[in-house]
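Rule-based calculations on the coordinates, nothing more; no lab input. Remember, it's a predicted structure, so these values are computed and weren't measured experimentally. All Cβ positions, even for glycine, are placed from backbone atoms using ideal geometry, and neighbour counts span all protein chains on display.
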Amino acid sequence: MRRFTFPALVLAVGLLILADLLVVNASLAGVAGVVIEAVILVAAGAALAAGGSLAIRRARDLRARRGDPIGALAVLGGMAAVLVAGLRPGSGGASDPAVGWIVVALIVPIGATLFALLFTSTLAAMRRSVARRDRESLVLVAAALVVLALLLPLGGEIGAGLAASAGWVLAFPVGSVLRGMLIGVAILAAVLGARTLLGVGPSDE
Amino acid sequence: MSDRLTRIGAPILLLVVLAAAGLVPSGLDIADPGSKAVDELRIVLAELDDGAAVLVGFDPDVGTYAEIRPTVRMLLAELAGRGIDVSIVSLTPDGRALALAERQRAERLAPDAQEIVDLGFIPGAEAALVALGGAIAGTSELASPGGASLEATDLIIVVGGNDLGPRSWVEQVQPRIDAIPVIAVTPISLLPEVEPYRQSGQLAAVIATPRDGAAYRLVADPGPFAALGDADGGPPALAIVVGLLAAIGWLGETVVRRIGPSLGPRPERDRS
């Protein structure tokens, strides 16, 4: 039963919040509010712990001379720069101009550049997929080609036709598959939740 | 050696051509003058009284924010031009950093505009959205550093990214608020996810493509805060066309070269 403790806790909290949404009751709202505050605090603590864990792991890598020392130095240096800028005496915290400069002048351009490089790396990955000569890859690449053609930003009648076709593709084939997946995931989560709450495991089948 | 040169050189050449295409004036215009998305957005904005209160959920990610940044800036400029009270809240670290950057930019470029109220960062993702929904509905208090009341909110604008987007707002906030419209500005990669919500009316308007963003920037009226609007900050149309054509050509050539052998019988494996 022990393995069911955390999923059951999650489901109990979920059901409580759901009940608070459906039923107007001051006591229920109070309990749900306390739970939500607790979840928010736990999330904040988890984020802080994750940051600390990353720093410790990178510091150990650096000390033991394993992995990527330049990457570890960059991570630790970046964390230190933001912490010093935000926590030094007289600093305005997260809204301090020095923190803002680090974000705007360094983090955003680097992030956007890495994301832009996905353009060529995704194309290369798709070429490699096709080179494997399986039909799934061909279908994937063919669908990507169709979408790329539909997204060409052209004007006039051709552009209007492409936009209308893109809208149809989005509303019907893509939309129906995505909705089907979302509904399927929701049903699966509900069934799994019920099984967990009732203590039904694979050994009971 | 030749293969290796092609493998390394082709992406570099493509990036150089893309960069050049971004610098050359092409006369191409990606704005769609008949954009339904922009019409829907204009209707929602027209229903706002001057002095209304708008809550902006600011959670783009650094990777895709460049795509929607000019549109977001123009939207903020238009709201400032109408004297609308704007509060900004983030639920992701990336969103918080970008929100602060945009807020500082607004203070620098438009010091006379009404100050954007900073509600800060609320951890907890979906749980934080539940708390926000309660604060907007007036059933609970907002646990944020800003601590302002949100009960007078007239419109919610979700600036979404890959971490937390309009879908979460529709699921967690909208059931808890009454008749407050929610609109979204997101990168095009989220369009399949948000389009069903737009069709169902749960999102009153969605700007999620470069075409719609460019079309909105053409018709938006930032009033005295044009510098804040960044009207010319959109992506160069020629670079988009070149990039898409390069991708089509590259992948198309691969498919044509491979399609015969792939659809035919596979070569028998040597089982010896």
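Computed quantities for the displayed model
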{"quantity": "Paired Rg and Dmax values of the protein assembly as shown, which use every Cα atom, in angstrom", "calculated": "24.9, 82"}
{"quantity": "Order by protection proxy (mean Cβ within 10 Å, highest first), peptides B:93-99, A:130-136, B:81-87", "calculated": "B:93-99, B:81-87, A:130-136"}
{"quantity": "For B:GLU126, B:GLU47, B:GLU78, order by how many other beta-carbon atoms lie within 10 Å, fewest first", "calculated": "B:GLU47, B:GLU126, B:GLU78"}
{"quantity": "Neighbour-count ranking [beta-carbon atoms within 10 angstrom, fewest first] of A:VAL141, B:VAL17, B:VAL173", "calculated": "B:VAL17, A:VAL141, B:VAL173"}
{"quantity": "Helix B:93-109 vs. chain B, principal-axis angle (Cα, 0 to 90°, nearest 10)", "calculated": "70"}
{"quantity": "Of B:PRO25, B:PRO60, B:PRO236, the one that fluctuates the most in a GNM where chain B has Cα springs shorter than 10 Å", "calculated": "B:PRO25"}
{"quantity": "Debye log10 I(q)/I(0) at q = 0.11 Å⁻¹ for region B:42-221, Cα point scatterers", "calculated": "-0.40"}
{"quantity": "Fewest-first sequence of B:GLU107, B:GLU67 by Cβ atoms within 10 Å of each Cβ", "calculated": "B:GLU107, B:GLU67"}
{"quantity": "Within a Gaussian network of chain B (alpha carbon springs, distance under 10 Å), most fluctuating of B:LEU75, B:LEU245, B:LEU91", "calculated": "B:LEU245"}
{"quantity": "Radius of gyration, Dmax [region A:95-205; alpha carbons; angstrom]", "calculated": "22.2, 64"}
{"quantity": "Over chain A, volume per residue of the alpha carbon convex hull, in Å³", "calculated": "309"}
{"quantity": "Rounded if a/c under 1.5, otherwise prolate or oblate - region A:17-115, Cα gyration tensor axes", "calculated": "prolate"}
{"quantity": "Listed residue (B:VAL62, B:ALA135, B:ALA80) projecting farthest to the positive dipole end of region B:42-221, Cβ model", "calculated": "B:VAL62"}
{"quantity": "FRET efficiency for B:ARG7 and A:LEU106, using Cβ-Cβ distance with R0 set to 25 Å, rounded to 0.05", "calculated": "0.25"}
